[in-house]
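The values are calculated or read from the model by the stated rules, or taken from the named source; none is laboratory data. Quick caveat, the model's predicted, so the values are computed rather than measured. Cβ: placed from backbone, ideal geometry, glycine included. Neighbour counts: every protein chain shown. Note: accessible area is taken over every heavy atom of the protein model, side chains too, but ligands, DNA and RNA are not part of it. Shrake-Rupley method; radii C 1.70, N 1.55, O 1.52, S 1.80 Å.
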Amino acid sequence: NVIYTKPTFLTSDRTELKLSCSSFIVYILYVFLCVLGRRKQKAAKERAGLSKLPDLKDAEAVQKFFLEEIQLGEELLAQGDYENGVDHLTNAIAVCGQPQQLLQVLQQTLPPPVFQMLLTKLPSISQRIVSAQSLSEDDIE
């Protein structure tokens, strides 16, 4: 009786080929997830209120930024994302020409805990605005 056995070089080559293909697929998946992760991080930062401040000397840019921040803040609050919603409303207050009037409107429309959260975040955005102004003044010199 003769027992037929496959030559080992055929099975080991196939195994190596399978491992190489698997490794390649895993690498491609890893690269894809890294790129996707960076995009999500960037989007999360923007949603988190770290929006790039406009040129404060450009009235049209400031107005556009203000309206976008108000809208985004309202949308996030409606979704229950109070932290990020407040961040965007705070950005809008920081560039608003009449912040006291806007604060009065927000005090009447927001729930008291959300309005209090907004008040506690105002100093940090104000500092960001002052920093942005001093940086732009340094660019002029």
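Within the range 27-54, residues that are within 30 Å of Q71 (Cα to Cα) have Cβ atoms under 8 Å from residues that are open to solvent by 100 Å² or more (accessible area, probe 1.4 Å) and at pLDDT 70 or above in these pairs: P54/K64, counting only partners at least 6 apart in sequence or on another chain.
Looking at the range 65-75, can you tell me whether even one residue there is touching a residue at least 40 places away in the same chain (Cβ under 8 Å) and buried (at least 18 other Cβ atoms within 10 Å of the Cβ)?
For the range 65-75, residues touching a residue at least 40 places away in the same chain (Cβ under 8 Å) and buried (at least 18 other Cβ atoms within 10 Å of the Cβ): absent.
All of (1) modelled with pLDDT under 90; (2) surrounded by fewer than 14 Cβ atoms within 10 Å (Cβ to Cβ) hold for P111 with one exception: (1).
Taking the conditions (1) surrounded by 12 or more Cβ atoms within 10 Å (Cβ to Cβ); (2) assigned to a helix (DSSP H, G or I); (3) modelled with pLDDT under 90 in turn, V26 satisfies each one other than (1). Here is the figure for the range 49-88: residues that are basic (K, R) and assigned to a helix (DSSP H, G or I) total 1.
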